[in-house]
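One structure below.
Here, each number is a calculation from the coordinates, and none is a lab measurement. Treat the numbers as computed from the prediction; the structure is a model and nothing was measured. Note: ideal-geometry Cβ built from the backbone for every residue, glycine included; neighbour counts use all protein chains shown.
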Amino acid sequence: MDGVAPPPVIIVGAAMGGLRTAEGLRKGGYMGPLTVIGEEPHAPYNRPPLSKDVLAGVVTHESVAFPQRASTADVEWMLGARVVAIDLTARTVTTDDEVVHPYAALVIATGLRPRRLDLPDIPGRHTVRTLDDAIALRDELVPGAHVVIVGSGFIGCEVAATARKLGCEVTVVSPSALPIVRPLGSLLAAEILARQEAHGVAFRLGHTVTGLVGGARLHEVVLDDGTVLPSDVLIEAIGSDCNSEWLAGAGLDCSDGVLADAAMRAVSVDGSVHDDVYVVGDIARFPNAMFDDVPRRVEHWNIPTDTGKRAGFVLAAWLNSPEAFSDAVQTPFAPMPAFWSNQFEMALQAYGLPGLADGIRLLQGSLTSEAVVGYYRGDRMVGVVGLGMKAALLPYRKVIAEGGLSVSPVT
Amino acid sequence: MIKIEVDMALCQHYGQCVFEAPNIFTLNDDDKLEYVASANDSERDNVESAVDVCPMQAIRIVE
């Protein structure tokens, strides 16, 4: 090669998915150059505490940073840099400083950003996605502050509980009939609503925010029925959009996130599969053999880790030898989706994909204290959610992993 | 040998680690985590996976 260094593997996205892919590549035996390009200024950190316990205390990078492993000590981290373009044929990406970076293989790990309301840009509007978001919000969650949260999903409900515990007056506004109803169903959602209200969180369900009143600061929020709510702080928790704009024109299937096969290889609109381009984390739409062959994006906490390890394993094999690559691609991939949520005294934990269910049953306990709830698609358990009862939940995880055909309570 | 530490002030006893390293971590009948603090090197991969899946990031391997 006349002393010319080979181009690195480039991972675009320096959050959990990018980190786990880098670790997976090293574990898979790839010891060549590796560059991670990330838009945020921070090294990879754990996001879930930002809406929960960390938000209630002093928010620092140190309190949420992932530990760095020895295997990735020689990775080059380009933080605070945004990739704006890609050329799949030339194998290059371009950063916002117009530098063109050649790659040997590419990993797409750019994740999501919070969706925003189409409303005037008045100081007092917040989202909760990044560390800097949480630091900015923490300063405004003072006792007595009027906090309006738009959106009643997990983030909205967790932030509601945290803000309430900090002494804020909290109102949740959402077009839904119940909080967190789409992933959890009405059985648990009704109980979550009752407990949130018992702690003093007000809900305006079936409504949307249509206007803001304020100037130098936000003062009031106007709802679709004309109701005016005092509001020092507006938190927008209405879901996310995929950071896939930089892939425009490359021919990849970006209809919802970026399509990948079960080896996490990127798939083009024409169906062709790219052995040198991988997709991991929240942005990856991939099939999971645990459920069916339908590619889905899964915004659960464990997915960046599972898909990152998978992509690292397959890509390391591709860089190693055709035989190793063929074996790696054939290895089954069926990661168990898992998530959890803390709201007041409630410790919710879920396995599988409860949102796929057409039937929901209380399996153990009582909703008003602690419970295990099963989620079924036809006769198969596709998800299980525990309200407390952490040890009792574990056998059901095994049932789902093994195909979900045991429908009676297991102990 | 590897040495394992769990920050019990952080641990919420979710039990994700139990699946990755069942020889090291268990949930008892009171939903509380129990673990062994040292293990053979053969457990390293499992414990590293347990570190990765801990929602509270409460587990670490002491080198």
Anyone know which of A:PRO354, A:PRO102, A:PRO332 comes out most mobile in the 10 Å Cα GNM of chain A? A:PRO332
Post the alpha-carbon centroid distance, the stretch A:64-106 to the stretch A:132-175, in whole angstrom. 34
Counted neighbours (other Cβ, 10 Å), sorted fewest up, put B:MET8, B:MET1 in the order B:MET1, B:MET8
Dividing the alpha-carbon radius of gyration of the stretch A:116-238 by 2.2 N^0.38 Å (N being the number of residues), what value is obtained? 0.98
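With a ≥ b ≥ c taken as the square roots of the eigenvalues of the C-alpha gyration tensor of the stretch A:167-224, please select rounded if a/c is under 1.5 and otherwise prolate if a/b is larger than b/c or oblate if it is not?
oblate
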Using 0.36 nm per residue of separation minus the Cα-Cα distance, give me the extension gain between A:GLU220 and A:ALA5 in nm, one decimal. 71.5 nm
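Partner chain Cβ atoms within 10 Å, averaged over the residues of B:11-18 - can you pull that number for me?
5
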Suppose only helical runs count, i.e. DSSP H with n ≥ 4. What mean residue ellipticity at 222 nm does that imply for the protein assembly as shown under -39500 (n - 2.57) per run, divided by all residues and rounded to the nearest 500 deg cm²/dmol? -6500 deg cm²/dmol
Would you mind checking the pairs A:LYS165/B:LYS3; A:LYS27/A:LYS52; A:LYS27/B:LYS3; A:LYS27/A:LYS390 and listing those with alpha carbons more than 29 angstrom apart? A:LYS165/B:LYS3; A:LYS27/A:LYS52; A:LYS27/A:LYS390
Restricting attention to the stretch A:299-384, which GluC sites (Glu not before Pro) occupy a DSSP loop and are surrounded by at most 13 other Cβ atoms within 10 Å? A:GLU345
If R0 is 41 Å, what FRET efficiency do you get for B:GLU63 and A:ALA136 from their C-beta distance, rounded to 0.05? 0.70
Taking square-rooted eigenvalues a ≥ b ≥ c of the alpha carbon gyration tensor, is the stretch A:243-343 rounded, prolate or oblate, where a/c under 1.5 means rounded and, failing that, a/b exceeding b/c means prolate? oblate
Cα centroid of the stretch A:31-50 to Cα centroid of the stretch A:257-317, whole Å: 19
Nothing charged except the Cβ atoms of Lys and Arg (+1) and of Asp and Glu (-1): what's the magnitude of the dipole of the protein assembly as shown about its Cα centre? Round to the nearest 20 debye. 800
Here, A:MET31 and B:GLU34, labelled 7 Å along Cα→Cβ, have an inter-label distance in nm of 4.3
Quick check on the stretch A:26-103: take the gyration tensor over C-alpha atoms, sort the square-rooted eigenvalues as a ≥ b ≥ c, and tell me if it's rounded (a/c under 1.5), prolate or oblate. oblate
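Would you work out the Kirkwood radius for the protein assembly as shown? I mean one over the mean of 1/r across all pairs of different Cα atoms, in Å. Intermediate results must be reported in sequence, preceding the final value.
Values: mean 1/r = 0.0427 Å⁻¹.
With all distinct Cα pairs of the protein assembly as shown included, I get 23.4 Å.
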